[in-house]
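**Q** Please find one structure pasted underneath; my questions will follow.
The values are calculated or read from the model by the stated rules, or taken from the named source; none is laboratory data. Treat the numbers as computed from the prediction; the structure is a model and nothing was measured. Backbone-built Cβ (ideal geometry, glycine too); neighbour counts: all protein chains shown. All accessible areas refer to the heavy atoms of the entire protein, side chains included, with ligands and DNA or RNA removed. Shrake-Rupley method; radii C 1.70, N 1.55, O 1.52, S 1.80 Å.
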Amino acid sequence: MALKQISSNKCFGGLQKVFEHDSVELKCKMKFAVYLPPKAETGKCPALYWLSGLTCTEQNFISKAGYHQAASEHGLVIIAPDTSPRGCNIKGEDESWDFGTGAGFYVDATEDPWKTNYRMYSYVTEELPQLINANFPVDPQRMSIFGHSMGGHGALICALKNPGKYKSVSAFAPICNPVLCPWGKKAFSGYLGTDQSKWKVGTGMAVFILIPKFSDFERAVHHRHIPNSLKDPELK
């Protein structure tokens, strides 16, 4: 798959780049940012995927987080995708900040007219890693994921639904239980339909409940990141 380089800037001995490509999953052009540390010039490095929150693009994290020095020192390739498809000409996609453009919620939509383009879960877990592995010096066996707010929710469901795929997962102020917050209800109703039993496939809290037996990794995430008021007694 062809990549078009949009920008490249030197930063702490490495390169902060932004690329554009035609996404198979999302059926539109997508941008992602990738930081290549100095170690990437001589060998493969661990890949760390960042998922941003509502209204963000690939630019937010690379412009505001100040992560480059640490990534350079530790030899980490950092990948930051956009938060939704863009320019799909779907009626209503640009009408609000918490649904549509900039608010993909990292789920695969099942409802019209969103299901053709809004497949951020598959994009983040399958298409993008394949693209990164094929074009950059990363070690596919050392891949991790983290995110903030909507992106924290995305990181949790991506990791918990794919045991063994990621070496670690971190969620900063995540939307752990979107079915109980207004913007989560709005997004899931639009993307997944009004039958709330179908929402479990895209809900971090439900993924915890559905897993019959926690690994040590998953149990650690559960106890550290889910508030006591949200814990199911059966999972303690």
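**Q** Do we have S8 as assigned to a strand (DSSP E or B), over 19 Å from F188 (Cβ atoms) and open to solvent by 30 Å² or more (accessible area, probe 1.4 Å) here?
**A** So S8 fits the description; yes.
**Q** Still on this structure: Taking the stated definitions as given, is K44 open to solvent by 50 Å² or more (accessible area, probe 1.4 Å) and closer than 16 Å to S144 by Cα?
**A** yes
**Q** Assuming K39 fulfils every condition listed in (1) within 22 Å of G75 (Cα to Cα); (2) part of a strand (DSSP E or B); (3) not small (G, A, S) apart from one, which condition is it?
**A** With (1) within 22 Å of G75 (Cα to Cα); (2) part of a strand (DSSP E or B); (3) not small (G, A, S) applied to K39, the lone miss is (2).
**Q** If I go through the range 52-68 residue by residue, how many of them are free of Cβ contacts under 8 Å to residues at least 40 places away in the same chain, farther than 10 Å from P81 by Cα and crowded, with 22+ Cβ neighbours inside 10 Å?
**A** The number of residues fulfilling the criteria is 0.
**Q** If you don't mind, there's one more thing I want to ask. Which residue out of A33, A70 is of a type in the set (A, V, I, L, M), assigned to a helix (DSSP H, G or I) and either in contact with a helix residue (DSSP H, G or I) (Cβ under 9 Å, 6 or more places away or on another chain) or more than 29 Å from W114 (Cα to Cα) (or both)?
**A** Exactly one of A33, A70 is of a type in the set (A, V, I, L, M), assigned to a helix (DSSP H, G or I) and either in contact with a helix residue (DSSP H, G or I) (Cβ under 9 Å, 6 or more places away or on another chain) or more than 29 Å from W114 (Cα to Cα) (or both), namely A70.
**Q** Tally time: how many residues in the range 116-132 are in contact (Cβ under 8 Å) with a residue 60 or more places away in the chain and open to solvent by 30 Å² or more (accessible area, probe 1.4 Å)?
**A** Total satisfying the criteria: 4.
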